[in-house]
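The values are calculated or read from the model by the stated rules, or taken from the named source; none is laboratory data. Remember, predicted model here, so these are calculated numbers, not experimental data. Here the Cβ positions follow ideal geometry from the backbone for every residue, glycine too, while neighbour counts run over all protein chains shown. Keep in mind that these areas ignore ligands, DNA and RNA; they rest on the heavy atoms of the full protein, side chains included. Shrake-Rupley method; radii C 1.70, N 1.55, O 1.52, S 1.80 Å.
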Amino acid sequence: MQQTDKEAIFDFTSYLDVRRAKLEKALDFYLSERSEKDPSTLYKAMRYSALAGGKRLRAALTMAAAEAVERAPQLKDMDAVELVLPLCAAIEMIHAMSLIHDDLPCLDNDDLRRGKPTNHKVFGEAMALLAGDGLLVMAQEVLLSYCHEKIDRSALLSVSLELCRATGPSGMVGGQVLDMEFTGQSVSEEVVRSIHARKTGALIKFSLWAGGALLQAPERQLQSLARLGEIIGLAFQITDDLLDVTGSAESLGKTPGKDQASNKATWVSIFGVEGAKAKLKEMEKEGKELIKESSLDNPSFPALQSLLSYSINREK
Ligand code: GRG
């Protein structure tokens, strides 16, 4: 395609690389020891998982949402990505902690994550548990202490509250418990949907909504972001279930085949591989229509549409 003065070609790879680098610099700073008296093994263990790479999809969704919305007047001349960096770091810290705890012998008992030995394989179970605890609490500390002074305090408080909800019993923790309780049982689509909406979907939905909410976007845009978050969250999980069947340890950086081995309720167990792929096509179509109807993407800068496709067509 030829590039004209009016339309720039959207380079999604560079788009992601630039944002990933900003996020990782921020994480590196927030996760630095503040004093010589800080327990350095704990920091090493937290940094090992939080800075271990990963796609950074949740942070990218938050940044894309922040760049897409109408902002509060006092934030208009500021860089949207910089404004949401503490929020993105908080989300990725919570995501990293959930992976550390999920890999522990008492839960999934895994040895490989992001192509590296899991946290407890390197630091031992007790330190891995505490590194997860440290990241979980530090996420809220980072969010509440590092946001720019021009960010409205009541917007910040409601983002912090929703992050608690997305993470706790009504979100990720609750979803993990339902997942454990239904493992080995034959379940309906309804049950799988409700497990995944909490376990994986809640943090993804939050990531999109919060990117707009922190910058005080209008309610109609926040509602569209929340709905898009539900669609991407579900599509992400269906893809994850498919990759567990079709992917290799080398490409995934984690152990495949675990869902079937532990008799988990997944989209593939309900619809089969072809049915799950067809469901994904439906979700992608629905997501694209929503983005268009809600004018969430600028045609020459289709970040949300690219992130939707990326979360479905990824190979890891
Ligand atoms: C106390 C918050 C808290 C949680 C403990 C362990 C647990 C309860 C919940 C598990 C949640 C979990 C690990 C869900 C799986 C989500 C998932 C599919 C992770 C993989 O995400 P990717 O593919 O990973 O985005 P990368 O490595 O790219 O970041």
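Miscellaneous remarks
- The distance separating the Cα centre of region 97-174 from that of region 236-283 comes to 24 Å.
- Over all Cα atoms in region 81-237, the spread is summed up by Rg and Dmax: 16.5, 51 Å.
- Magnitude of the charge dipole, the chain, Cβ model with Lys/Arg +1 and Asp/Glu -1, debye to 20: 120 debye
- Sparse-neighbourhood loop sites, trypsin sites (Lys or Arg not before Pro) in region 56-131 - DSSP loop, at most 14 other Cβ within 10 angstrom: LYS76
- Taking the chain and dividing mean pair separation by its residue count, relative contact order in percent (alpha carbons under 8 Å, at least six apart): 20 percent
- Length-normalised contact order of region 179-279 in % [C-alpha pairs under 8 Å, at least 6 apart]: 35 percent
- Seen from all directions on average, region 229-277 presents a Cα convex hull projection of 3.6 nm².
- The heavy atoms of SER306 present about 20 square angstrom of accessible area, all protein chains included, probe 1.4 Å.
- Within the assembled protein chains, the solvent-accessible surface assigned to HIS148 is about 70 Å², based on a 1.4 Å probe.
- Span-rule helices in the chain, defined as complete DSSP H runs reaching 18 Å or more along the axis (Cα) with Kyte mean at least -1.0: 12-30, 80-103, 125-146, 153-167, 219-246, 267-293
- Calculated [θ] (222 nm, deg cm²/dmol) that DSSP helices of n ≥ 4 give over the chain, each run adding -39,500 (n - 2.57): -22000 deg cm²/dmol
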